[in-house]
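Student: To start, I am sharing the structure in question, which I have written as structure tokens.
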Amino acid sequence: MLEEVKEVIEKEVRPVLEREGGSIELESVDDDGVVKVRLTGACAGCPMSQYTLVNFVEATVKDKVPEVKKVISVDDAKARFEEMLRR
């Protein structure tokens, strides 16, 4: 399942986010079908990031990899702050 999720993120999710100045990193895929990701770039701290996560990232991954039950964001406040300083 890990390789399938990686492929969907690389080929279908990341290119769309990059067009808007954002990106995504795959953190993990557990045996229960929970995918953990980190939204970066313009997506980090964006007020619409939860909407993007559920209605685009999760919907796309679940559509292509039916074993996935949920996609959640792993938020690292320090990393997000450092990302914002780089802008």
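The values are calculated or read from the model by the stated rules, or taken from the named source; none is laboratory data. The structure displayed is predicted, hence computed values, not measured ones. Cβ placement follows ideal geometry from the backbone for every residue including glycine, while neighbour counts extend to all protein chains displayed.
Student: Name the single residue, out of those in region 31-47 being assigned to a loop (DSSP other than H, G, I, E, B) and surrounded by 12 or more Cβ atoms within 10 Å (Cβ to Cβ), that is farthest from the chain's Cα centre (by Cα).
Tutor: G33
Student: Looking at (1) of a type in the set (A, V, I, L, M, F, W, C); (2) under 23 Å from L85 (Cβ atoms); (3) at pLDDT 95 or above, which is the one condition that is false for A44?
Tutor: Of everything listed in (1) of a type in the set (A, V, I, L, M, F, W, C); (2) under 23 Å from L85 (Cβ atoms); (3) at pLDDT 95 or above, A44 misses just condition (3).
Student: Here's a follow-up. Looking only at region 1-45, count how many residues are more than 14 Å from V65 (Cα to Cα), acidic (D, E) and free of Cβ contacts under 8 Å to residues at least 40 places away in the same chain.
Tutor: Count: 3.
Student: Considering K78, K69, which residue is at pLDDT 95 or above and not polar (S, T, N, Q)?
Tutor: So the residue among K78, K69 that is at pLDDT 95 or above and not polar (S, T, N, Q) is K69.
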